[in-house]
Amino acid sequence: APAHYLMAVVYDQQGKIEEAIKKLGTAKNIAAYDAGIAFQRGLLFWRKNEHEEAKKDFERAIELNPDFSNARYMLGLALDKLGSKLEALNHFKKIEELNPENQEIKKIIENLNEGLPALWGISDGQQVIEENPPEIQN
C-alpha cells in the first residue's frame, strides 16, 4: 500500500490525477482500513470537482476514524456543494466539538445556519487541507 500511495503522490505532482486516483484505489484495496488513504483519494476527487465521489471517500475515512476532523471538514464542504446543507452542518458541529477554539469552523457554522455557502467570506471555495504521511515528510 505505501508504494502505491507514493506512486499516487508522484502522479499527482506530475498532474496525472486520473493515474493518482487509480493508484490510491489500489492502495485502498490493499489497506482497506487506512483512513488516510481514503482521505487522500477524496481530496483528489474534490480537486476534480467530483463531489459525490469525494463524499464517498471522506465518509469512509470518518467511518474508520470518527474523530478525523480534516475528513469531516472536507466531507462538510462536499455536502455543501451537493446541496446537503443540514448534513454538512452536522459534520461541522462535530468538528467544533473536537476543536472548540477554531474560529473558521464557527464562521462556517454561522454561514450554513444563514443559508450561505460554507466558505462564504473565508476563501474562494477551493480550500484543501494538505496532509503528508510520514513517508513523504521532509
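The values are calculated or read from the model by the stated rules, or taken from the named source; none is laboratory data. Remember, predicted model here, so these are calculated numbers, not experimental data. Cβ placement follows ideal geometry from the backbone for every residue including glycine, while neighbour counts extend to all protein chains displayed. The protein model used for the area step is the full one, side chains on, heavy atoms only, and it has no ligands, DNA or RNA in it. Shrake-Rupley method; radii C 1.70, N 1.55, O 1.52, S 1.80 Å.
Charged side chains reduced to their Cβ positions (Lys and Arg at +1, Asp and Glu at -1) give the chain a dipole of some 300 debye around its Cα centre.
Rounded, prolate or oblate for region 1-80? Axes are the square roots of the Cα gyration tensor eigenvalues, ordered a ≥ b ≥ c, and the cut-off for rounded is a/c under 1.5. Here region 1-80 falls in the oblate category. Mean-square fluctuations from a GNM of the chain, with a 10 angstrom spring cutoff on Cα atoms, peak among P66, P100, P117 at P100.
Between the listed residues V9, L116, A71, the Cα displaced farthest toward the positive end of the dipole of the chain, a dipole computed from Cβ unit charges relative to the Cα centre, is found at V9. Surface analysis of the chain yields an accessible area of 53 Å² per residue, using protein heavy atoms and a 1.4 Å probe. By its C-alpha gyration tensor, with a ≥ b ≥ c as the square roots of the eigenvalues, how is the chain shaped: rounded for a/c under 1.5, else prolate for a/b larger than b/c, else oblate? Prolate, because a/c is 1.5 or more and a/b exceeds b/c. Counting only alpha carbon atoms, the long axis of helix 85-98 and the longest principal axis of the chain meet at about 80°. Using a probe radius of 1.4 angstrom, the carbon and sulfur fraction of the accessible surface of region 1-105 is 48%.
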